[in-house]
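The values are calculated or read from the model by the stated rules, or taken from the named source; none is laboratory data. Bear in mind the structure is a predicted one, so any value in this text is a computation, not a measurement. Note that we place each Cβ from the backbone using ideal geometry, even for glycine, and neighbour counts take in every protein chain shown. The area values use the complete protein model at the heavy-atom level, side chains included, leaving out ligands, DNA and RNA. Shrake-Rupley method; radii C 1.70, N 1.55, O 1.52, S 1.80 Å.
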Amino acid sequence: MKRVLVFDSGVGGLSVFDAVAASGHALELDYAADNAWLPYGLKSDAELRARVPALLQRLVDQWAPDAVVVACNTASTIALDAVRERLAIPVVGVVPPIKPAAALTRTGVIGLLATPATVRRAYTSDLIAQFAADKRVVRFGSAALVEAAERKLRGEPFDPAALAEAMEGLFGAPGGAEIDVIALACTHFPLLAPELAQAAPRPVVWLDSGEAIARRVANVLIAAPGNARIGRAGFTDARGARELYLAFRTRGFASFAEIGAAPGFEAAAIVGGVTP
Ligand code: DGL
């Protein structure tokens with residue numbers, strides 16, 4: 001069975017993991033969260049370009065997956081080329097879903113909700129120029145929604161102001177009254193889909209990249225039809241294993257690891273130490 005490592009700064013990659021797990025392919029799925037460095041959306045480009053390829057290279061050395069999914073827009077839009085240079089296996093990244101949003105909008109106004117880093121990236125502007133040059137794109141960057149998604153998956157309450165602020169930033173911006181499609185360009189945000197839909201002033205189409213990534217992974221690995229098998233979940237801050245135990249356990253993870261500090265990033269199984 002081919003093995004896939006899904007990587008994110010935190011729980012956001014679970015929105016992609018869920019799509020891959022539900023895609024009907026016989027794949028073994030591991031997960032790694034760089035939660036000691038969360039949120040990536042407030043890190044500099046240089047920091048991410050140095051850390052993400054090094055961390056993934058060490059994890060690939062230790063866990064030997066057949067492919068890596070960088071299930072993080074913030075990392076993909078700045079470090080995907082550097083990750084691909086380091087790794088000898090296929091690397092699938094997430095791309096902000098601007099192209100499908102441009103194809104779907106009827107009003108010609110698209111909302112783009114991402115991290116502060118992703119909204120200002122040249123990569124994002126290039127995508128807009130390539131696929132949505134004749135559309136109006138209203139961008140809003142939120143680190144607070146990343147924290148809200150983390151809290152939700154820890155089973156903790158979060159401040160609804162994060163949702164209200166994002167809705168105001170999109171629908172209240174010039175042109176925002178005409179938004180009919182919102183591209184979710186941070187993998188944490190689909191985990192807040194019901195809350196976002198409820199906070200929006202009116203119904204719109206919400207797009208994310210989960211299913212497209214799942215299709216890409218299956219194609220790249222020529223995966224056989226079947227059921228996913230769930231492997232291990234690793235965290236650079238081992239507290240994540242405890243605080244997020246239920247979110248991971250309900251997805252089938254039973255094996256947890258602590259990923260040590262740079263530059264070794266030694267992954268060690270957490271044996272018997274994880275309880276809800
Ligand atoms: N999940 C990540 C993304 O897709 C970012 C979250 C963070 O800021 O760490 O952009």
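Using Cα springs under 10 Å in a Gaussian network model of the chain, which residue among Tyr245, Tyr40, Tyr31 shows the largest mean-square fluctuation? Answer for the Gaussian network model of the chain: Tyr245.
Note on Lys99: lysines with a C-alpha under 18 Å away, same-chain residues under 8 apart excluded, are Lys135. For Thr107, project a label point 7 Å along Cα to C-beta. Then give me every residue of region 204-244 with its amide nitrogen under 15 Å of that point. Once the point is set 7 Å along Cα→Cβ of Thr107, 204-207 turn out to lie under 15 Å by backbone N, inside region 204-244. In whole Å, what is the distance between the alpha-carbon centres of region 63-117 and region 212-253? Spelled out, the Cα-based centre of one part sits 18 Å from the other. Taking a point 7 Å out from the Cα of Ala22 in the direction of its Cβ, the residues of region 233-258 whose backbone N falls within less than 14 Å of it are 251. Each DSSP beta bridge with both residues in the chain is either parallel or antiparallel, and the antiparallel ones are about 10%.
Region 138-189 to region 4-19: how many Å between their Cα centroids? Region 138-189 and region 4-19 have Cα centres spaced 19 Å from each other.
Charge dipole (Cα centre; +1 on Lys/Arg Cβ, -1 on Asp/Glu Cβ; no other charges) of region 1-156 amounts to roughly 460 debye.
Of the listed residues Lys152, Lys99, the order by accessible area with a 1.4 Å probe, largest first, is Lys99, Lys152. Quotient of the Cα radius of gyration of region 1-58 and 2.2 N^0.38 Å, N being its number of residues: 1.25.
How would you classify region 142-261 from its alpha-carbon gyration tensor, with a ≥ b ≥ c the square roots of the eigenvalues: rounded for a/c under 1.5, else prolate if a/b is greater than b/c, otherwise oblate? The shape class here is oblate. Ranking of Trp63, Trp37 by solvent-accessible surface, largest first: Trp37, Trp63 (1.4 Å probe, protein heavy atoms only, all chains present).
For Gly231, the residues whose modelled amide H falls within less than 5 Å of its own, excluding neighbours fewer than 5 places apart on the same chain, are Leu29, Asp30. Note on surface exposure: Met167, Met1 rank Met1, Met167 by accessible area, highest first, 1.4 Å probe. In the elastic network of the chain, a GNM with C-alpha springs shorter than 10 Å, the most mobile of Ile89, Ile213, Ile78 is Ile89.
Could you tell me what percent of the accessible area of the chain is made up of carbon and sulfur, with a 1.4 Å probe and every protein chain present? Percent of accessible area from carbon and sulfur atoms in the chain: 52.
Between the listed residues Ala88, Phe248, Val146, the Cα displaced farthest toward the positive end of the dipole of the chain, a dipole computed from Cβ unit charges relative to the Cα centre, is found at Ala88.
In plain terms, the chain from Leu42 to Leu246 could stretch by 70.7 nm, reckoned as 0.36 nm per residue minus the Cα-Cα distance. Model label sites at Ala193 and Glu211, defined 7 Å from Cα along the beta-carbon direction, differ in position by 0.9 nm. Under a 5 Å amide H cut-off, with hydrogens placed 1.01 Å from N, Trp206 pairs with Ile182 among residues at least 5 apart or on other chains.
Here's the picture: a label point sits 7 Å out from the Cα of Asn227 along the beta-carbon direction, and within region 1-18 the residues with their amide nitrogen under 20 Å of it are 1-4, 17-18.
By the rule of a C-alpha distance below 13 Å, with chain neighbours fewer than 8 residues away ignored, the aspartates and glutamates paired with Lys2 are Glu28, Asp30, Asp66. Residues in region 43-52 carry Karplus couplings, in order, of 8, 6, 4, 5, 4, 6, 5, 7, 7, 4 Hz; the curve used is 6.51 cos²θ - 1.76 cosθ + 1.60 with θ = phi - 60°, and Gly or Pro positions show x. Across Gly172, Gly12, Gly93, mean-square fluctuation computed from a Gaussian network of the chain (C-alpha pairs under 10 Å connected) peaks at Gly172. For the chain, the solvent-accessible area of protein heavy atoms averages 42 Å² per residue (probe radius 1.4 Å; ligands and nucleic acids excluded).
Remark: relative contact order (the chain) = 26 percent; criterion is Cα-Cα distance under 8 angstrom and separation of 6 or more residues.
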